[in-house]
Amino acid sequence: MTAPTADPSLPRGEARAEARTEARIEARAEPRDHLREFYENPAVPVASGDPRSLRQARMLAAALAGSPGATVLDVGCGDGTAAVTAAPLLPGHRLVGVDWSQDALRRASRRFAATSGELCAVRGQLTDGGLPFASASADAVLFSEVIEHLVDPDSALDEIRRVLKPGGHLMLSTPNLAAWYNRALLLAGVQPVFSEVSLRAIHGRPGREVVGHLRLYTARALRQLLAASGFEVVRTAGAPFHGVPRPLRALDRLACAAPSAASILLVHARRTTNPSPQGS
């Protein structure tokens with residue numbers, strides 16, 4: 001990173017202040033550039049396990065029962081797995097995949113083209129009105145394994161709330177910080193599964209795959225965040241994690257009966273009709 005230069009026409013004190021401001025702006029921009037490069041890397045996984053996708057699709061189908069012709073946005077669609085899994089359960093509805101990564105969109109478009117449903121993929125982002133849809137135009141949003149990757153989840157939820165109709169459905173999934181095995185790992189002084197301290201390698205916890213998790217949630221924290229963002233939580237469920245070692249998978253499936261201890265949190269929330277605390 002090159003050092004910023006101050007405007008020589010300014011008094012010395014103001015010039016130093018301007019240089020410090022430029023340095024802070026550049027320092028903030030550099031990590032974002034690294035994140036963009038990370039998520040455009042084709043080697044970075046952009047899909048999660050089928051059990052989670054199927055459970056989430058069933059929750060969405062139940063929520064949309066009796067509402068024909070709904071528009072469903074798969075925000076952060078990755079390679080399109082969640083939308084393709086949901087499509088057979090949502091006949092008559094329109095599914096649109098949205099992602100910022102061009103590589104993910106190429107993969108999603110190829111996957112969508114191989115299906116018979118009404119699926120398409122478009123580019124968009126979750127800040128500053130970056131979703132290319134009118135306000136209150138969507139009936140439901142799939143938000144699968146995305147929120148844990150975000151620098152600013154509050155703004156992302158504001159943007160999702162903007163495009164949802166009042167009473168519209170949000171189907172969110174994310175890894176659970178308080179998963180049953182993470183509780184044991186923390187007691188042993190081991191970094192929890194799903195958490196990452198580097199974009200280059202895994203340190204201090206089981207596993208080898210770096211996927212770019214920036215934030216992790218417990219069920220309680222997620223419910224409170226959604227409520228603060230203008231959503232009413234309808235249901236919280238659990239799903240298994242495909243990365244659990246085979247001998248422990250039966251136990252992982254059993255843990256889904258207690259969502260607060262499950263590997264994956266599945267949340268069905270609805271956009272409230274009242275203005276959100278942020279005024280969106």
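The values are calculated or read from the model by the stated rules, or taken from the named source; none is laboratory data. These numbers come from a predicted model, not from an experiment. Reconstructed Cβ throughout: ideal geometry from the backbone, glycine too, with neighbour counts over all protein chains shown. Only protein heavy atoms, including side chains, enter the accessible area calculation; ligands, DNA and RNA are left aside. Shrake-Rupley method; radii C 1.70, N 1.55, O 1.52, S 1.80 Å.
Residue count for region 206-234 under the criterion of being assigned to a loop (DSSP other than H, G, I, E, B), of a type outside the set (A, V, I, L, M, F, W, C), modelled with pLDDT of 95 or more and open to solvent by 30 Å² or more (accessible area, probe 1.4 Å): the result is 2.
Of all residues in region 69-82, at least one satisfies being farther than 23 Å from Thr174 by Cα and either in contact (Cβ under 8 Å) with a residue 40 or more places away in the chain or open to solvent by 10 Å² or more (accessible area, probe 1.4 Å) (or both). Among the residues making up region 159-184, those that are open to solvent by 40 Å² or more (accessible area, probe 1.4 Å) and either more than 30 Å from Asn274 (Cα to Cα) or under 14 Å from the mean Cα position of the chain (by Cα) (or both) are Leu177, Trp180, Arg183, Ala184. Looking across Phe241, Phe194, one residue alone is at positive phi and outside any strand (DSSP E or B). It is Phe194.
Of all residues in region 83-108, those satisfying the criterion of being open to solvent by 10 Å² or more (accessible area, probe 1.4 Å) and in contact with a Gly (Cβ under 9 Å, 6 or more places away or on another chain) are Val84, Ala87, Pro88, Pro91, Gly92, His93, Arg94, Asp99, Trp100, Leu105, Arg107.
A count restricted to region 242-280 and to residues that are at pLDDT below 95 and among the hydrophobic types (A, V, I, L, M, F, W, C) stands at 1.
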